[in-house]
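Novice: This structure is in structure tokens; I'll ask about it shortly.
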Amino acid sequence: MAVLYAAIFAFAGIQMPFLPVWLQAKGLGAREIGLVLATAMVARPIIVPAAMRIIDRHGWAKGPLVAAAWAACITFVAVALSDGFAAIIVTFAISALPQALVMPLTDAYALRGLAVRERAYGPVRLWGSAAFIAANLGGGYVLERVGASHVIWALVATIAATALSASMLAPLGTVSRETDARKERAPSIWRSPAFVAVVAATSLIQASHAVLNGFASLQWEAKGLAGPAIGALWAIGVLSEIGLFAASGRVMARLRPIDLIGLGAIGATLRWTAMAFDPPVSLLPALQCLHGLSFGATHLGAMHFLAGFAAGRQDATAQGDYSTAIAVVFAAEMGLAGVLVEQFGAYAYLAMAASALAGAVIIAGARRLGRA
């Protein structure tokens, strides 16, 4: 399980900072890069909700995960061989469909299998974050050695490793008929105001990373930073996330999940406001440390909320709908990010700060609901 998480996040650790660099090397502008990156988010609502409901109904685990991982691998090779905006966005959209399933299917498999073995999720998931850092740093060196036009093949290698490691997982079997029947009788999770508020707030907070994810590497490159330095900045952000995850037991003993999401919203608002005013390179490491709040606290709070909210009823459905909602909002903000960066440069971060602030307002309302 740890190897699979490492492979998945090694792919993400190269894709997030360096795919935009490859797209630029293929001749795409900021607006076109934003549209290509947004297609991955658009794919999620097309396939994930239905797939996760089927998993809840039948208790499937390994089979769909292996099929999705291999489909993602094969179709991503087509992306690597594409030239021109039209070919790239079409092949990327096709590859995004199976890719959208890999992460929620992996979490569904992990949570079920680790619970049976009485093992914690966090220590296994940390290997993904560690691999993300290694890929950030390694991707920078790969970029320098092979050039921007060939860095895509590092992504092909990591997605192939994902498919291979998924194939080696042990089968978990299926859930019982009694469990299936109980889940089918459960009311819709969308009837809960708390669930709606948490999903809306976390979607706005997580989507506020759109400008950073899509264009920070290009902006830092324009400041004169080389590939290894760019990779190191991304790694600093993930180290702050790992630190929070490592201390999550003590943190969650003192804070409710909804409070942690609120801290994430505040951290994101501060982070993007500072980034909007083109801070000097010397301040970038400190601002990257806020990733522990803007992403880490938001994600940890959401996972703990969902674990308590949907436990034993619609676990996979709640995870799938949550990730789908984030994808929809992220896709909208990513598409907008390309336009804003092209028109306003670093001031595009002010729109991201507004998104995070809106999430803070919603979560503040949810806290009042909770007290009531």
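The values are calculated or read from the model by the stated rules, or taken from the named source; none is laboratory data. Quick caveat: nothing in here was measured; it's all calculated off a predicted structure. Here the Cβ is made from the backbone with ideal geometry for all residues, glycine too, and neighbour counts use every protein chain on show. We work out accessible area using only protein heavy atoms, side chains counted, and drop any ligands, DNA or RNA first. Shrake-Rupley method; radii C 1.70, N 1.55, O 1.52, S 1.80 Å.
Novice: What is the distance in Å between the Cα centres of segment 281-341 and segment 1-46?
Specialist: Rounded to whole Å, the Cα centres lie 16 Å apart.
Novice: Mean Kyte-Doolittle of at least 1.6 and a Cα length of 24 Å or more along the axis: which whole DSSP H helices of the chain meet both?
Specialist: Numbers: long enough: 2-25 (33 Å, 1.55); 30-58 (43 Å, 0.86); 62-80 (27 Å, 1.65); 85-116 (46 Å, 1.51); 121-146 (36 Å, 0.56); 227-246 (28 Å, 1.54); 257-275 (27 Å, 1.01); 315-344 (42 Å, 0.78); 349-371 (33 Å, 1.05).
Flagged H segments are 62-80.
Novice: Taking the Cα centre of the chain as origin, work out the dipole magnitude from +1 charges on Lys and Arg Cβ and -1 charges on Asp and Glu Cβ, in debye rounded to 20. Before the final figure, lay out each step's value.
Specialist: Details: 25 positive and 17 negative charges, 231 e Å.
With Lys and Arg at +1 and Asp and Glu at -1, about 1120 debye.
Novice: Next question, about the same structure. Which residue, chosen from 218, 263, 290, occupies the Cα position most advanced towards the positive end of the dipole of the chain, where the dipole is computed from +1 (Lys, Arg) and -1 (Asp, Glu) charges on Cβ about the Cα centre?
Specialist: So the residue furthest toward the plus end is 263.
Novice: Here is a further query. Separation between the residue 229 and residue 278 pseudo-spin-labels, each 7 Å from Cα along Cα→Cβ, expressed in nm?
Specialist: Label at residue 229, label at residue 278, 1.6 nm between them.
Novice: OK, next. Just grab the label-to-label distance for residue 194 and residue 156, each label 7 Å out from Cα along the Cβ direction, in nm (one decimal).
Specialist: 4.9
Novice: May I ask you to order 145-155, 12-22, 102-112, 43-53 by the average number of other C-beta atoms within 10 Å around their residues, highest value first?
Specialist: Details: 145-155: 16.9, 12-22: 24.6, 102-112: 22.2, 43-53: 19.1.
Put in order of decreasing packing, that is 12-22, 102-112, 43-53, 145-155.
Novice: If r is the Cβ-Cβ distance from residue 254 to residue 367 and R0 is 25 Å, what FRET efficiency results, to the nearest 0.05?
Specialist: Numbers: r = 15 Å, r/R0 = 0.62.
Given R0 = 25 Å and the Cβ-Cβ separation, E is 0.95.
Novice: Calculate, in nm to one decimal, what residue 77 and residue 54 gain on full extension: separation in residues at 0.36 nm each, minus their alpha carbon distance.
Specialist: 5.4 nm
Novice: Now a separate question. Note down the relative contact order for the chain as a percent, whole number, built from C-alpha pairs under 8 angstrom at least six residues apart. Please list the in-between numbers first.
Specialist: Working: 586 pairs, mean separation 110.7, N = 372.
The value is 30 percent.
Novice: Length gain on complete extension for the stretch residue 111 to residue 342, per 0.36 nm per residue less the alpha carbon to alpha carbon distance?
Specialist: On the way: separation 231, 0.36 × 231 = 83.16 nm, distance 4.15 nm.
Residue separation times 0.36 nm, minus the Cα-Cα distance, leaves 79.0 nm.
Novice: Which entry in (1) 71, 39, 38; (2) 67, 46, 34; (3) 59, 46, 33 matches Cα extents along the principal axes in Å derived from the coordinates of this structure?
Specialist: Working out Cα extents along the principal axes in Å from the coordinates points to (3).
Novice: Roll a 1.4 angstrom probe over the protein heavy atoms and tell me the percent of accessible area of the chain that is carbon or sulfur.
Specialist: Working: 10430 of 15310 Å².
Using a 1.4 Å probe with all protein chains present, the chain comes out at 68 percent carbon and sulfur.
Novice: Calculate the spin-label point distance for residue 119 paired with residue 168, positioning each point 7 Å from the Cα along the beta-carbon direction, and give it in nanometres.
Specialist: In this crude label model, residue 168 to residue 119 measures out at 1.3 nm.
Novice: What order do you get for 85-93, 326-334 when each peptide is scored by the mean count of other beta carbon atoms within 10 Å, highest first? Don't skip to the answer; put the middle values down first.
Specialist: Values: 85-93: 17.6, 326-334: 22.6.
The peptides rank, most packed first, as 326-334, 85-93.
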